[in-house]
Amino acid sequence: MNRVNLNIDSIQVSVAQGTTLLNAAKELKIKIPTLCHHEDLCVAGNCRVCVVEQVGSDRLLPACATPVSEGMEIRTNSLKVRNARKTVIDLLVSEHRADCTRCFKNGNCELQQLSSEYLIGEDSYIDLVSLKEYTIDYFSPSIIKDDSKCIRCQRCVRTCDELQAIGALTVAYKGEDMKISSFFEKPMYEVICTNCGQCVNRCPTGALVEHNYIDEVWAAISNPNKHVVVQTAPAVRIALGEALGMPPGNIVTGKMVGALRRMGFNSVLDTDFTADLTIIEEGNELLQRLKSVLVDKNPDVHLPMTTSCSPGWVKYIEHMYPDYLPNLSTAKSPQQMFGALAKTYYAKKMNIEPEDMVSVSVMPCTAKKYEANRPEMHSSGYKDVDLVLTTRELAKMIQQAGIGFESLENEEFDSFMGVSSGAGVIFGATGGVMEAALRTAYEVVTGREVPFKGLNITPVRGMDEVKEATIKIEDALPEWDFLNGVELKTCIAHGLANAKIVMDKVKNGEASYHFIEIMACPGGCLGGGGQPIPTNAAIRQQRSDAIYREDTGKPIRKSHENPEIIKLYKEFLKKPLGHKSHELLHTSYTERNRY
Amino acid sequence: MTETVNLVKSLADKYGRYHESLLPILQGVVQEEKYLSEEAMVEVARELDISAARVFGTASFYSFLNTKPMGEYVIRVCKTITCMMHGKNIIIQELEKNLKIRVGETSHDGKFTLLETNCLGQCHKGPAMLINDTPYTDLTLEKIRDIIQSLKKGDLVGSISNPLN
Amino acid sequence: MPKKNLKRLDLIFKNEHDGEKVLMKTLARPAQEIVNYLIISGLKGRGGAGYPTGLKWKLASEAEGEMKYVICNADEGEPGTFKDREILSQVPNKVLVGMAVCAKIIGAHQGFIYLRGEYKFLLQQLNDVIDDFHVWTNKMGMDFRVNIFLGSGAYICGEETALFESMEGFRGEPRNKPPFPTQAGYRGMPTVINNVETLAHAFSIFKYGPEMFKDLGVQDSRGSKVFSVSGDTPIPGIYELEFGMSVQKFVEDFGDGDAKAVQVGGAAGFCVPRKKFVNTKIGYQGKLTGESLPTGGSMMIFNSSRSMYNVLHNYLDFFVEESCGQCTPCRVGTQQLLLGIEAVKKGERSSDYLNRLLDLAENMRVTAKCGLGQSVANSFSSIVENFKEEMIY
């Protein structure tokens, strides 16, 4: 690789050809402010807040969009640069409804941060917000879009287009009327939005935020007539700390449980428990499908089977590949399995009337809010999950409750629907569902553990965009001898743009997988739209490392060995894919328009 | 299939189903239907295998790709500097009076839409306007009255060499 | 009665009936020689930016790409400019010959004319000319076709990278540079994009040699230039004049005897007040005495009855609407400038606020992504600084 020599703020540096000035400065620990830039996305060069001066050149250069060239002399902190940045920030503030004290993003807004750093002062430009008509789209149960706070950086549009290949958002009109819009400016719930919330995670201001249910949850907790059950998803515990001032990669499961108890939840339970349950149901569904296809040659059964625990993915396939809905596992997501069991099995066991129960979940996800509101999610006879919070909302509530999070003692989940295996934990990372399913299915079929050291199926792990792994089945138990010699072909994709790549391959007959895991968000749930901001590649990696650490530390590593799961089948469900399971744990899907 | 669906299909056949065909196809729809309806945009998106939002975002960028219904005759009066200096305001007033609509509106019979537009490149012959694709220059009140009258009568829109000019 | 100080030229609009012959003869020459011709002639881009044409063709010929393109930029949208329309309606063959020679040199097989939507009325006649032109090129065994791509009403698409985006089916939002079009232009391929007039001049240079062209004009601004003259003039229209004239001479020839200002280069250009007429020369930024102003050819004359506040207001209205909206300085800056002068005029902000706006305009000039946002400061500052009292009272 060719090196390029240049000088930044009088420091000589040599970087690889093609490096941007922004990254070259980063190597020297010089911070250049950015707004439209996000490392997950393509370069835009729109906001112009990252401008730097090239000695001898009149115009300033956008550091994010300018590649280095030999002999450049760059000033990142000249008077001209500071004035220009201040002007840009000031202009952005003039078109932004800076109602900071009332904003959900107060304290976590990049524009607010920059305004404070650059001291834009009182002498403002003319307020443009009051001159325009803005609408706030709060109709979606997942996402609120408030154009009056938008600074048109287009991060959300690039996220929706490039990272997620959805195209629900677009830039519309031009000049003073230019805005971030949807098709014909329809509300988000009417268009092909998957509610994944990746746009929310990347919005630098409060223009895109989750629909928050904090007050509703506090109200439920304070209601003496209600029994409030809370479940927390696998990926929350490895990221919550970030939103409460801790560095990324901390596992805060015990503190989180303690905080939830202090907040006043009556039962503090674990989605990981139903993650294990999902594995049992979905794993058995896969084996049954294999049998139907390979032995019974049943034309109505479809392979490859794809996972169904990511509600963003489910809505995506409903819109984009409705022909493949029969390929989607009928197993509900862990959140919804939990909800259905909470108001049936758990309620009965604890002697609570289900109508007196409020079922709350904490998710790394905004699409889960939508999922809980799907009309079919009433298997218990009630709304199975009443209120869904993101990791960020939980952090906010912990702050409101005045809990000194970092100094909390570790506590354990309640003993009922609170025990999980390591397999349940890794649901939070891309490849995790696949690994968990293989740990169980392989053992069901062969009676032996998966042939990977320490049960770590490393080929399905990691951040590669599309991963493929093949496991050859040998010496199967008699019941499964039709699988002898079969090479089980699996594929894992995360981020919907990668899901599209895989599905197009399937559609075009270019791939013959048996089982596909798809997570809507980059990195899986650990990179979910409801996770702490910022989320980027380095942080996703740290969260992933934490998840696999949590798995390794668990005494039980396989879903089917979870004693509470075994008990649940014995006492209540009787058998996987049985009558009760179908009633409570499986669902159906809706064909939706792509347009 | 509706007319719009057929129209979009035939345009896609003509220009090919490429990204590069988006503008020509949208222009073709506007040519026939005067504006881009929701249905038309959805069909274009389907034909080119792109998101409907992208079609809308692109169309709304261009001032000739109307996303709202337009009259049979779309009148665009140049409002840029030299046309302004040479009296575009009184031209507009005259048009409003004759058409009984204001700038931005379409007449009840769906015949006329009156708009202002940026520089038409007829600055030496201002005030100028376009009616659909045809420029009319060196406008006077009398000319306006004649043009509108002949359009109301249903005469064809003249070309630039129209004696009205 | 206007004077006739300035020599009227007739290089561009002279009807030449030997287009086919010129093309054949030029194609027979070595590519290197043709590029040298252009370089020697000193021809620079006539759209206003003034990049040396020969160098542009040379860079594109050296660039690697599986496809290459020649594009004629006929998205003439600058207020006060209408010359390209006349060139395309009167001498389109010269433009097509220019494109074909360029195609041969750089190795392109496809050319486009990006014709602004406002000129759609030219479409039929241009397509007829192109059909005839294809007969020539076929006869010469040349694998080169020209198609017209019609714009749809967006000034910004005259910016070359916005034009590519538009042709590729996107919003006309300018790209980051580098890469430049000669490296990665239309569809990411090496592309030469030239203004209509530039290509027509290239024809004259092929036909008459570079010296004739070089002998016209001054120093860094060689050749003749087609000017679009409008505003307060008894003789509005299109005139081919030599580069290097002073605004004073121009006004004597074209003004109505009462000119108080001339806007050189359209809304994106500079306003020259009467006191600077003598010392301001028209040409690319070179080493001329006094101030030298580049232009795509728009010359708008304002007499003393005109309010320069109204003029500036009209320009800003234009920019507020025609900014693509993607970059902050241009999208928000144009709105602030417009609202700012209104507020000063109405007395809602003090006259000092004009200084804040001048500072804003300067920041827009150095931070905006493309030529549109960068050049708003040209008209804004030159009008506000020279006609401050008109802004306030």
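How about segment A:467-484: which of its residues are touching a strand residue (DSSP E or B) at 6+ places or on another chain (Cβ under 7 Å) and either exposed (fewer than 15 other Cβ atoms within 10 Å of the Cβ) or acidic (D, E) (or both)?
Within segment A:467-484, the first condition is being touching a strand residue (DSSP E or B) at 6+ places or on another chain (Cβ under 7 Å), and the residues that meet it are A:467-473.
A:E468, A:T470, A:K472, listed by residue number.
Could you list all residues from segment C:173-220 that are basic (K, R), away from chain A (no Cβ under 14 Å) and farther than 21 Å from C:E62 by Cα? Break it down stepwise before answering.
Of all residues in segment C:173-220, those basic (K, R) come to C:175, C:177, C:187, C:207, C:214.
Next cut, away from chain A (no Cβ under 14 Å) only: C:187, C:207, C:214.
Hits for segment C:173-220 are C:K207, C:K214.
For (1) of a type outside the set (A, V, I, L, M); (2) within 20 Å of C:M308 (Cβ to Cβ); (3) facing chain A (nearest Cβ under 8 Å), each residue gets a yes or a no:
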residue: C:C327; (1), (2), (3): yes, no, yes
residue: C:C330; (1), (2), (3): yes, no, no
residue: C:L339; (1), (2), (3): no, yes, yes
residue: C:A343; (1), (2), (3): no, yes, yes
residue: C:L357; (1), (2), (3): no, yes, no
residue: C:E362; (1), (2), (3): yes, yes, no
residue: C:V366; (1), (2), (3): no, no, yes
residue: C:K369; (1), (2), (3): yes, no, yes
residue: C:V376; (1), (2), (3): no, yes, no
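Quick grid of which residues meet (1) surrounded by fewer than 22 Cβ atoms within 10 Å (Cβ to Cβ); (2) closer than 30 Å to C:V35 by Cα; (3) away from chain B (no Cβ under 14 Å); (4) out of contact with any Asp or Glu (no Cβ under 7 Å at 6 or more places or on another chain):
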site	(1), (2), (3), (4)
C:S228	no, yes, no, yes
C:D256	yes, no, no, no
C:Q263	no, no, no, yes
C:G266	no, no, no, no
C:R274	yes, no, yes, yes
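Can you pull out the residues in segment C:292-310 that are crowded, with 24+ Cβ neighbours inside 10 Å and either within 10 Å of chain A (Cβ to nearest Cβ) or outside any strand (DSSP E or B) (or both)?
Once the filter is applied, which keeps residues that are crowded, with 24+ Cβ neighbours inside 10 Å and either within 10 Å of chain A (Cβ to nearest Cβ) or outside any strand (DSSP E or B) (or both), segment C:292-310 yields C:T295, C:G296, C:G297.
Would you call C:Y315 more than 11 Å from chain A (Cβ to nearest Cβ) and of a type in the set (S, T, Y)? Don't jump to the end; show me each part of the working.
Numbers: more than 11 Å from chain A (Cβ to nearest Cβ): yes; of a type in the set (S, T, Y): yes.
In short, yes.
If you check A:P334 against the conditions, is it surrounded by fewer than 24 Cβ atoms within 10 Å (Cβ to Cβ) and within 24 Å of A:A520 (Cα to Cα)?
Working: surrounded by fewer than 24 Cβ atoms within 10 Å (Cβ to Cβ): no; within 24 Å of A:A520 (Cα to Cα): yes.
In short, no.
Out of everything in segment C:153-172 that is surrounded by 24 or more Cβ atoms within 10 Å (Cβ to Cβ) and outside any helix (DSSP H, G or I), what residue ends up being farthest from the other protein chains (Cβ to nearest Cβ)?
In this case the residue turns out to be C:E159.
Would you be able to tell me the number of residues in segment A:40-61 that are of a type in the set (V, I, T), facing chain C (nearest Cβ under 10 Å) and either surrounded by fewer than 21 Cβ atoms within 10 Å (Cβ to Cβ) or within 30 Å of A:H494 (Cβ to Cβ) (or both)? First the steps, then the outcome.
Filtering segment A:40-61 for residues of a type in the set (V, I, T) gives A:43, A:49, A:51-52, A:55.
From what's left, facing chain C (nearest Cβ under 10 Å): A:43, A:49, A:51.
Still in the running and either surrounded by fewer than 21 Cβ atoms within 10 Å (Cβ to Cβ) or within 30 Å of A:H494 (Cβ to Cβ) (or both): A:43.
Going through segment A:40-61 one residue at a time, the tally reaches 1.
Report yes if C:I71 is crowded, with 17+ Cβ neighbours inside 10 Å and either β-branched (V, I, T) or more than 30 Å from C:E165 (Cα to Cα) (or both), otherwise no.
Numbers: crowded, with 17+ Cβ neighbours inside 10 Å: yes; either β-branched (V, I, T) or more than 30 Å from C:E165 (Cα to Cα) (or both): yes.
The answer is yes for C:I71.
Do we find a residue being surrounded by fewer than 24 Cβ atoms within 10 Å (Cβ to Cβ), under 17 Å from A:D146 (Cβ atoms) and of a type in the set (D, E, K, R) anywhere in segment A:225-232?
no
Please name all residue pairs, on different chains or six or more residues apart, with Cβ atoms under 6 Å, provided the first residue is in segment B:99-125 and is away from chain C (no Cβ under 14 Å) and the second residue is in a loop (DSSP other than H, G, I, E, B) and hydrophobic (A, V, I, L, M, F, W, C).
B:S107/B:I101; B:T113/B:M70; B:L114/B:I101; B:L114/B:V103
Name the residues in segment C:49-68 that are surrounded by fewer than 24 Cβ atoms within 10 Å (Cβ to Cβ), among the small types (G, A, S) and in contact (Cβ under 8 Å) with a residue 40 or more places away in the chain, would you?
C:A49, C:G50, C:S61, C:A63, C:G65
Out of curiosity, is A:A469 in the same structural domain as A:L240 (by TED's automatic domain parsing) and more than 21 Å from the chain's Cα centre (by Cα)?
Numbers: in the same structural domain as A:L240 (by TED's automatic domain parsing): no; more than 21 Å from the chain's Cα centre (by Cα): yes.
Judged against the criteria, A:A469 is not a match.
Given the residues C:D132, C:D143, C:D75, which is the only one that is acidic (D, E) and either in contact (Cβ under 8 Å) with a residue 60 or more places away in the chain or touching a Lys or Arg at 6+ places or on another chain (Cβ under 6 Å) (or both)? Even if it seems obvious, please write down each step before you answer.
On the way: C:D132 fails: either in contact (Cβ under 8 Å) with a residue 60 or more places away in the chain or touching a Lys or Arg at 6+ places or on another chain (Cβ under 6 Å) (or both); C:D143 fails: either in contact (Cβ under 8 Å) with a residue 60 or more places away in the chain or touching a Lys or Arg at 6+ places or on another chain (Cβ under 6 Å) (or both).
On inspection, the qualifying residue turns out to be C:D75.
Considering segment A:442-465 alone, what residues qualify as being buried (at least 16 other Cβ atoms within 10 Å of the Cβ) and in a helix (DSSP H, G or I)?
Within segment A:442-465, A:Y442, A:E443, A:V444, A:V445, A:T446, A:L455, A:P459, A:V460 meet the criteria.
I need a count of the residues in segment B:31-62 that are within 11 Å of chain A (Cβ to nearest Cβ), outside any helix (DSSP H, G or I) and surrounded by fewer than 21 Cβ atoms within 10 Å (Cβ to Cβ).
3
The values are calculated or read from the model by the stated rules, or taken from the named source; none is laboratory data. Because the structure is predicted, anything quoted here is derived from the model rather than measured. Don't worry about glycine lacking a Cβ; one is built from the backbone with ideal geometry, like all the others, and counts go over all protein chains shown.
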